[in-house]
Amino acid sequence: GQSLEQPSEVTAVEGAIVQINCTYQTSGFYGLSWYQQHDGGAPTFLSYNALDGLEETGRFSSFLSRSDSYGYLLLQELQMKDSASYFCAVTSFSGGYQKVTFGTGTKLQVIP
Amino acid sequence: DTEVTQTPKHLVMGMTNKKSLKCEQHMGHRAMYWYKQKAKKPPELMFVYSYEKLSINESVPSRFSPECPNSSLLNLHLHALQPEDSALYLCASSQIVGRRQSNYGYTFGSGTRLTVV
(Lines give C-alpha, C1' and ligand atoms only; values in the text may rest on other atoms or scores of the structure.)
Protein backbone atom coordinates (compact mmCIF):
# COMPACT_ATOMS: atom_id res chain seq x y z
CA GLY A 1 0.00 0.00 0.00
CA GLN A 2 0.87 3.62 0.12
CA SER A 3 1.08 6.09 2.98
CA LEU A 4 1.94 9.76 3.13
CA GLU A 5 2.35 11.66 6.37
CA GLN A 6 2.17 15.41 6.88
CA PRO A 7 1.66 17.59 9.96
CA SER A 8 -2.04 18.27 10.39
CA GLU A 9 -1.73 21.97 11.18
CA VAL A 10 0.89 24.72 10.96
CA THR A 11 0.62 28.34 12.04
CA ALA A 12 3.00 31.03 10.81
CA VAL A 13 3.26 34.80 10.81
CA GLU A 14 2.70 36.95 7.74
CA GLY A 15 6.00 37.66 6.01
CA ALA A 16 7.74 34.66 7.56
CA ILE A 17 8.92 31.39 6.04
CA VAL A 18 7.24 28.05 6.69
CA GLN A 19 8.22 24.49 5.77
CA ILE A 20 5.68 21.68 5.40
CA ASN A 21 7.18 18.20 5.52
CA CYS A 22 5.98 15.03 3.86
CA THR A 23 7.19 11.48 4.35
CA TYR A 24 5.95 8.67 2.17
CA GLN A 25 6.01 4.94 1.70
CA THR A 26 5.08 3.62 -1.70
CA SER A 27 6.01 1.15 -4.40
CA GLY A 28 6.61 2.28 -7.95
CA PHE A 29 7.46 5.82 -6.86
CA TYR A 30 7.76 8.27 -9.71
CA GLY A 31 7.57 11.74 -8.17
CA LEU A 32 6.19 14.03 -5.49
CA SER A 33 3.75 16.88 -6.11
CA TRP A 34 2.27 19.62 -3.96
CA TYR A 35 -1.25 21.03 -4.18
CA GLN A 36 -2.95 23.98 -2.47
CA GLN A 37 -6.63 23.90 -1.59
CA HIS A 38 -8.60 26.79 -0.11
CA ASP A 39 -11.74 26.00 1.88
CA GLY A 40 -14.56 25.21 -0.53
CA GLY A 41 -12.21 25.27 -3.52
CA ALA A 42 -10.49 22.78 -5.78
CA PRO A 43 -6.88 21.62 -5.39
CA THR A 44 -4.41 23.71 -7.38
CA PHE A 45 -1.11 22.28 -8.59
CA LEU A 46 1.97 23.99 -7.11
CA SER A 47 5.05 21.93 -7.97
CA TYR A 48 6.45 18.55 -8.93
CA ASN A 49 9.77 16.83 -8.09
CA ALA A 50 10.89 13.70 -9.87
CA LEU A 51 14.57 14.06 -8.99
CA ASP A 52 16.37 14.84 -5.75
CA GLY A 53 16.87 18.48 -4.99
CA LEU A 54 15.09 21.78 -4.83
CA GLU A 55 12.62 23.19 -7.34
CA GLU A 56 11.78 26.88 -7.05
CA THR A 57 8.66 28.58 -8.36
CA GLY A 58 8.35 32.14 -7.15
CA ARG A 59 7.68 32.21 -3.39
CA PHE A 60 7.23 28.45 -3.31
CA SER A 61 10.01 25.86 -3.36
CA SER A 62 9.76 22.09 -3.13
CA PHE A 63 12.44 19.59 -2.14
CA LEU A 64 12.73 15.84 -2.62
CA SER A 65 15.07 13.20 -1.20
CA ARG A 66 14.21 9.88 -2.77
CA SER A 67 16.63 7.96 -0.56
CA ASP A 68 14.91 9.31 2.55
CA SER A 69 11.36 9.09 1.09
CA TYR A 70 10.97 12.68 2.20
CA GLY A 71 10.03 15.99 0.73
CA TYR A 72 8.99 19.43 1.83
CA LEU A 73 7.25 22.54 0.58
CA LEU A 74 8.81 25.86 1.52
CA LEU A 75 6.69 28.99 1.43
CA GLN A 76 8.49 32.32 1.70
CA GLU A 77 7.21 35.84 2.37
CA LEU A 78 3.95 34.43 3.66
CA GLN A 79 0.78 36.28 2.77
CA MET A 80 -2.65 36.01 4.35
CA LYS A 81 -3.97 34.46 1.14
CA ASP A 82 -1.58 31.53 1.66
CA SER A 83 -3.88 30.26 4.43
CA ALA A 84 -5.11 27.00 2.95
CA SER A 85 -4.61 23.24 3.08
CA TYR A 86 -1.50 21.87 1.41
CA PHE A 87 -1.30 18.30 0.16
CA CYS A 88 1.74 16.35 -0.89
CA ALA A 89 0.92 13.73 -3.50
CA VAL A 90 2.88 10.74 -4.73
CA THR A 91 2.87 9.75 -8.38
CA SER A 92 3.35 6.02 -8.72
CA PHE A 93 2.75 3.23 -11.20
CA SER A 94 -0.06 0.79 -10.74
CA GLY A 95 -0.75 -1.95 -13.25
CA GLY A 96 1.22 -0.08 -15.91
CA TYR A 97 -0.62 3.18 -15.33
CA GLN A 98 0.39 6.23 -13.41
CA LYS A 99 -1.75 7.44 -10.54
CA VAL A 100 -1.56 10.20 -7.93
CA THR A 101 -2.26 9.55 -4.25
CA PHE A 102 -2.70 12.47 -1.86
CA GLY A 103 -1.26 12.86 1.62
CA THR A 104 -3.29 13.67 4.69
CA GLY A 105 -2.97 17.42 4.19
CA THR A 106 -1.58 20.28 6.28
CA LYS A 107 -3.80 23.19 7.22
CA LEU A 108 -1.70 26.35 7.18
CA GLN A 109 -2.93 29.37 9.07
CA VAL A 110 -1.13 32.65 8.41
CA ILE A 111 -1.60 35.20 11.19
CA PRO A 112 -0.86 38.93 11.11
CA ASP B 1 -9.00 27.27 -22.34
CA THR B 2 -7.17 26.04 -19.24
CA GLU B 3 -10.15 24.92 -17.19
CA VAL B 4 -11.94 21.79 -16.16
CA THR B 5 -15.67 22.45 -15.91
CA GLN B 6 -17.92 20.36 -13.69
CA THR B 7 -21.70 20.39 -13.52
CA PRO B 8 -23.74 20.61 -11.45
CA LYS B 9 -21.94 22.49 -8.66
CA HIS B 10 -24.38 21.18 -6.06
CA LEU B 11 -26.61 18.10 -6.12
CA VAL B 12 -29.06 16.69 -3.61
CA MET B 13 -30.42 13.25 -4.41
CA GLY B 14 -32.43 10.55 -2.74
CA MET B 15 -31.14 7.04 -2.24
CA THR B 16 -33.38 5.71 -5.03
CA ASN B 17 -32.49 8.41 -7.55
CA LYS B 18 -30.30 8.16 -10.63
CA LYS B 19 -28.18 11.18 -11.45
CA SER B 20 -25.04 12.00 -13.42
CA LEU B 21 -22.08 14.26 -12.81
CA LYS B 22 -20.43 15.83 -15.83
CA CYS B 23 -16.89 17.00 -16.48
CA GLU B 24 -15.48 18.74 -19.55
CA GLN B 25 -12.03 19.94 -20.55
CA HIS B 26 -10.67 21.43 -23.77
CA MET B 27 -6.96 21.38 -22.99
CA GLY B 28 -6.26 18.34 -25.14
CA HIS B 29 -5.56 16.24 -22.05
CA ARG B 30 -5.97 12.52 -22.70
CA ALA B 31 -6.06 11.40 -19.06
CA MET B 32 -9.06 12.18 -16.86
CA TYR B 33 -9.82 11.28 -13.28
CA TRP B 34 -12.58 11.15 -10.69
CA TYR B 35 -11.71 11.86 -7.05
CA LYS B 36 -13.92 11.84 -3.96
CA GLN B 37 -13.19 14.20 -1.09
CA LYS B 38 -14.82 14.15 2.32
CA ALA B 39 -14.60 17.16 4.62
CA LYS B 40 -11.12 17.76 6.07
CA LYS B 41 -9.78 14.72 4.19
CA PRO B 42 -7.53 14.39 1.12
CA PRO B 43 -8.95 13.62 -2.31
CA GLU B 44 -9.29 9.85 -2.85
CA LEU B 45 -8.81 8.44 -6.33
CA MET B 46 -11.83 6.63 -7.78
CA PHE B 47 -11.22 6.16 -11.50
CA VAL B 48 -8.58 6.91 -14.13
CA TYR B 49 -9.27 7.12 -17.88
CA SER B 50 -6.41 7.09 -20.37
CA TYR B 51 -7.21 7.68 -24.04
CA GLU B 52 -10.90 7.31 -23.21
CA LYS B 53 -10.38 3.84 -21.73
CA LEU B 54 -10.80 2.96 -18.07
CA SER B 55 -7.31 2.16 -16.78
CA ILE B 56 -7.73 2.26 -13.00
CA ASN B 57 -10.76 1.49 -10.81
CA GLU B 58 -9.85 1.83 -7.15
CA SER B 59 -12.36 -0.81 -6.03
CA VAL B 60 -15.22 1.64 -6.24
CA PRO B 61 -18.73 0.26 -5.54
CA SER B 62 -20.81 -0.42 -8.64
CA ARG B 63 -23.33 2.23 -7.67
CA PHE B 64 -20.76 4.60 -9.20
CA SER B 65 -20.41 4.10 -12.95
CA PRO B 66 -17.93 6.18 -14.95
CA GLU B 67 -18.17 6.91 -18.65
CA CYS B 68 -15.85 8.69 -21.06
CA PRO B 69 -17.82 9.44 -24.27
CA ASN B 70 -14.92 11.30 -25.92
CA SER B 71 -11.57 12.88 -25.13
CA SER B 72 -13.18 16.02 -23.68
CA LEU B 73 -15.96 14.58 -21.56
CA LEU B 74 -16.12 12.45 -18.45
CA ASN B 75 -19.31 11.42 -16.69
CA LEU B 76 -20.02 9.75 -13.38
CA HIS B 77 -23.39 8.00 -13.20
CA LEU B 78 -24.85 7.60 -9.74
CA HIS B 79 -27.50 5.10 -8.69
CA ALA B 80 -28.78 3.91 -5.33
CA LEU B 81 -26.26 5.91 -3.35
CA GLN B 82 -25.96 5.89 0.41
CA PRO B 83 -25.79 8.90 2.75
CA GLU B 84 -22.11 8.13 3.39
CA ASP B 85 -21.46 8.84 -0.29
CA SER B 86 -22.12 12.51 0.38
CA ALA B 87 -18.89 14.31 -0.51
CA LEU B 88 -17.19 16.66 -2.95
CA TYR B 89 -16.59 14.88 -6.25
CA LEU B 90 -13.65 16.26 -8.17
CA CYS B 91 -12.77 15.73 -11.79
CA ALA B 92 -9.22 16.31 -13.01
CA SER B 93 -7.26 15.99 -16.22
CA SER B 94 -3.62 15.82 -17.25
CA GLN B 95 -1.39 15.34 -20.25
CA ILE B 96 -0.16 11.92 -21.33
CA VAL B 97 3.35 11.31 -22.59
CA GLY B 98 3.63 8.02 -24.40
CA ARG B 99 1.65 5.46 -22.43
CA ARG B 100 2.25 7.28 -19.18
CA GLN B 101 0.32 10.12 -17.69
CA SER B 102 2.31 13.31 -17.68
CA ASN B 103 4.60 14.30 -14.88
CA TYR B 104 2.92 17.68 -14.91
CA GLY B 105 0.24 18.53 -12.43
CA TYR B 106 -3.39 17.75 -12.62
CA THR B 107 -5.92 20.44 -13.43
CA PHE B 108 -8.92 20.06 -11.17
CA GLY B 109 -12.47 21.20 -11.69
CA SER B 110 -14.25 23.05 -8.90
CA GLY B 111 -16.17 19.92 -7.99
CA THR B 112 -19.75 18.80 -7.42
CA ARG B 113 -20.88 18.90 -3.82
CA LEU B 114 -23.18 15.88 -3.50
CA THR B 115 -25.63 15.30 -0.67
CA VAL B 116 -27.47 11.99 -0.47
CA VAL B 117 -30.63 12.07 1.64
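The values are calculated or read from the model by the stated rules, or taken from the named source; none is laboratory data. As the structure is a computational prediction, the values presented were derived from the model and not from experiment. Cβ: placed from backbone, ideal geometry, glycine included. Neighbour counts: every protein chain shown.
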Query raised in the report: With respect to A:S27, is the statement that it is small (G, A, S) and modelled with pLDDT of 90 or more true?
Result: no
Query raised in the report: Take the residues of segment B:20-69 that are in contact (Cβ under 8 Å) with a residue 60 or more places away in the chain, assigned to a strand (DSSP E or B) and farther than 21 Å from A:F93 by Cβ: which is nearest to the other protein chains (Cβ to nearest Cβ)?
Result: B:Q37
Requested in this report: Could you run through segment A:1-40 and say how many residues are in contact (Cβ under 8 Å) with a residue 12 or more places away in the chain, small (G, A, S) and more than 23 Å from A:S69 (Cβ to Cβ)?
Outcome: 3
Query raised in the report: Counting just the residues of segment B:9-21 that are charged (D, E, K, R) and surrounded by fewer than 17 Cβ atoms within 10 Å (Cβ to Cβ), which one comes out nearest to the chain's Cα centre (by Cα)?
Result: B:K9
Query raised in the report: Out of segment A:36-45, which residues are at the interface with chain B (Cβ under 8 Å from one of its Cβ atoms) and touching a Pro at 6+ places or on another chain (Cβ under 8 Å)?
Result: A:P43
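Table: residues versus (1) at pLDDT below 95; (2) surrounded by 19 or more Cβ atoms within 10 Å (Cβ to Cβ); (3) not charged (D, E, K, R).
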| position | (1), (2), (3) |
| --- | --- |
| A:H38 | no, no, yes |
| A:F45 | yes, no, yes |
| A:N49 | yes, yes, yes |
| A:T57 | yes, no, yes |
| A:S65 | no, no, yes |
| A:Y72 | no, yes, yes |
| A:E77 | no, no, no |
| A:M80 | no, no, yes |
| A:S85 | no, yes, yes |
Requested in this report: Among the candidates A:L46, A:L75, A:L64, A:L51, single out the residue that is over 29 Å from B:S50 (Cα atoms) and among the hydrophobic types (A, V, I, L, M, F, W, C).
Outcome: A:L75
Query - Extreme residue, farthest from the other protein chains (Cβ to nearest Cβ), among residues of segment A:78-103 that are small (G, A, S) and assigned to a loop (DSSP other than H, G, I, E, B) - result: A:S83
Query - Those residues of segment B:35-57 which are closer than 22 Å to B:K18 by Cβ and surrounded by fewer than 16 Cβ atoms within 10 Å (Cβ to Cβ), in sequence order - result: B:L54, B:N57
Report summary line: Of those in segment A:19-35 that are surrounded by fewer than 20 Cβ atoms within 10 Å (Cβ to Cβ) and away from every other protein chain (no Cβ under 11 Å), the residue nearest to the chain's Cα centre (by Cα) is A:N21
Report summary line: For segment B:82-103 the number of residues that are at pLDDT 95 or above and over 15 Å from the mean Cα position of the chain (by Cα) is 3
Requested in this report: Please give the number of the condition A:G96 fails out of (1) touching a strand residue (DSSP E or B) at 6+ places or on another chain (Cβ under 7 Å); (2) under 24 Å from A:G1 (Cβ atoms).
Outcome: (1)
**Report entry** Members of segment A:76-96 that are of a type outside the set (S, T, Y) and without any contact (Cβ under 8 Å) to a residue 60 or more places away in the chain
**Finding:** A:Q76, A:K81, A:D82, A:A84, A:G95, A:G96
